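Heads up, the thing below is written out as structure tokens.
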Ligand code: DGT
Ligand code: CA
Ligand code: ZN
């Protein structure tokens with residue numbers, strides 16, 4: 001078994017034990033072990049073989065035994081027994097937002113509910129509202145959660161689909177006579193969630209490619225097997241989670257390839273506009289060609305097709321018919337930001353709060369990424385679930401940062417905080433402490449249930465605070481898991497513009513928050529965006545790449561993203577902001593005294 005599979009098995013054990021009402025410490029031991037295994041940098045097989053597994057912090061004797069069994073035999077009787085002792089529907093019910101193992105267990109024990117469908121029916125009959133510990137509100141929330149699940153069911157996240165698509169492409173690329181290959185559809189456009197993988201191959205021997213495709217080890221089921229098109233159901237493990245989705249493969253000839261690439265990249269809305277444009281020139285445009293019955297217009301690349309239609313080349317991320325055709329007509333498309341433009345980030349966590357890696361480890365990882373600066377933003381004091389830092393702990397971290405900055409070459413650590421925006425819109429540290437940070441990320445982590453008006457006022461009040469540099473994950477959404485809290489984002493973006501505040505594009509692929517559509521809106525109002533990985537481990541620093549994808553979909557150029565600036569410019573800007581705040585406070589203090 002690979003480490004992903006082992007991690008998924010341990011995680012599943014933790015969840016199943018929770019459903020059985022086991023002691024929380026025992027359940028958490030499995031969840032923690034899963035996380036540790038998944039983030040191992042060493043090879044798991046080697047660790048097992050050399051007997052060094054027990055030296056890893058957080059892996060006890062029993063855990064070690066189970067991991068060894070999984071790695072060496074590929075199965076675990078303990079897990080199999082657990083699975084057969086619990087209805088599969090209970091695990092499914094856990095996907096309903098707001099429904100944890102305790103509640104699921106209560107529903108099963110008291111009403112014998114063992115599937116999402118049974119739960120939905122019971123809610124509709126009003127039975128959940130009458131249950132002790134549930135009530136009318138919870139019943140309503142469960143119903144909304146089920147409806148949400150049903151709309152999201154058929155999709156996976158980009159970070160889950162992309163690696164699977166790449167694995168498949170990697171294999172197909174090596175088939176004889178494959179001249180070109182591309183992933184199309186929503187993956188190529190970098191949408192945040194994906195329904196299926198669309199792969200396009202250019203080859204004059206389609207059968208050979210098809211044969212390899214339908215026999216890939218990741219294939220669970222062959223849905224269709226044709227000469228130039230096949231569909232399969234794929235599955236694999238990504239970050240310890242099992243991912244399963246459909247993949248379509250089409251094989252075309254070299255002259256067809258650019259047309260097919262354009263067509264299958266979509267979006268449908270974008271290519272429909274292109275077809276209309278072709279029609280107005282008397283041409284048909286489809287997935288194989290462009291031209292008239294008598295004469296087709298040859299193209300070697302997609303860019304040739306756009307050029308023939310008198311359009312600037314449109315990058316795939318912009319192909320959503322949200323103004324890109326008009327801009328391409330005027331040759332005014334933005335030069336989009338690229339991964340290599342990023343010079344550092346401002347939001348990551350260390351072991352001081354809920355991160356997995358130390359300050360030193362994070363700094364080394366940032367050096368390996370070639371960054372000029374790394375901003376540390378651990379949680380603030382009231383967020384005890386994430387081990388938020390007390391003011392004393394903050395000061396200790398500042399000392400550690402100063403010390404490390406004295407030793408590091410080429411990387412500068414910046415002192416930041418992810419300060420909680422409290423219920424009333426105030427910040428979770430006193431101003432004297434806030435004044436000691438280089439910058440402040442302000443985020444909401446509690447009391448998601450407020451009304452839209454209250455939440456908007458709460459966040460806008462925080463944005464107006466002069467200590468705040470940027471807003472963190474503006475909606476709190478978790479893709480395919482829970483909607484964000486209710487908030488008027490338009491008002492939040494306007495407020496940010498008014499006070500000259502930045503907004504984060506949280507690049508955790510589970511969040512991608514701010515979303516691309518609002519990124520575009522923020523950009524239009526001149527609000528600077530910041531791409532932050534919100535990393536809780538060294539590996540998660542690489543999440544910044546997903547943030548760049550969102551930024552590109554939001555039409556951002558390098559200049560509109562703060563962390564594309566070099567260190568000197570960043571320091572100057574942060575210094576300027578802090579001086580503006582502190583000198584203002586000083587003036588306010590003086591005039592105060594004069595009046596009394
Ligand atoms: P997804 O799979 O829901 O994440 O999104 P897409 O965009 O990958 O959609 P998909 O897989 O149904 O189709 C891939 C591309 O094929 C789509 O972006 C555009 C093209 N396409 C599919 N169906 C149609 C259609 O009926 N008309 C046109 N013009 N294009 C289509
Ligand atoms: Ca697709
Ligand atoms: Zn946060």
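FYI, it's all coordinate maths here, none of it is from the lab. Please read all numbers here as calculations on a predicted model, not as lab measurements. Cβ coordinates were reconstructed from backbone atoms using ideal geometry, including for glycine residues, and neighbour counts include every protein chain displayed.
Summary of values
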| quantity | calculated |
| --- | --- |
| Gain upon complete extension [residue 65, residue 407; 0.36 nm per residue less C-alpha separation] | 119.0 nm |
| Potential extension, residue 571-residue 193 segment - 0.36 nm per residue separation minus Cα distance | 132.5 nm |
| Shape category assigned to the chain from the gyration tensor of Cα positions, a/c cut at 1.5 | oblate |
| Most to least packed among 360-370, 294-304 [average Cβ atoms within 10 Å] | 360-370, 294-304 |
| Theoretical FRET efficiency, 1/(1+(r/R0)^6), r = Cβ-Cβ of residue 102 and residue 176, R0 60 Å, to 0.05 | 0.60 |
| Nitroxide proxy distance, nm - points 7 Å out along Cα→Cβ at residue 144 and residue 222 | 4.7 |
| Sorted peptide list for 130-136, 571-577, 238-244, 514-520, criterion being average Cβ within 10 angstrom, highest first | 514-520, 238-244, 571-577, 130-136 |
| Antiparallel bridge percentage (DSSP; both residues within the chain; nearest 5) | 50 |
| Region 366-465 shape via C-alpha gyration tensor axes, a/c threshold 1.5 | prolate |
| Region 32-184: C-alpha gyration tensor shape, a/c 1.5 cut-off, then a/b vs b/c | oblate |
| Rg and Dmax [Cα atoms of region 156-252; Å; Rg one decimal, Dmax integer] | 12.4, 38 |
| Residue-span extension gain [residue 28 to residue 424] - 0.36 nm each, minus C-alpha spacing | 139.3 nm |
| Sites residue 398 and residue 52 - FRET efficiency at Förster radius 56 Å, r taken between beta-carbons, to 0.05 | 0.95 |
| Sorted peptide list for 74-86, 154-166, 103-115, criterion being average Cβ within 10 angstrom, highest first | 154-166, 103-115, 74-86 |
| Separation of the residue 301 and residue 525 label points, Cα + 7 Å toward Cβ, nm | 3.8 |
| Label-point separation in nm, residue 84 to residue 154, each point 7 Å along Cα→Cβ | 3.5 |
| Efficiency of FRET between residue 360 and residue 292 - r from beta-carbon atoms, R0 56 angstrom, step 0.05 | 0.25 |
| Helix-only [θ]222 nm of the chain, DSSP H runs n ≥ 4, -39500 (n - 2.57) each, per residue, nearest 500 | -13500 deg cm²/dmol |
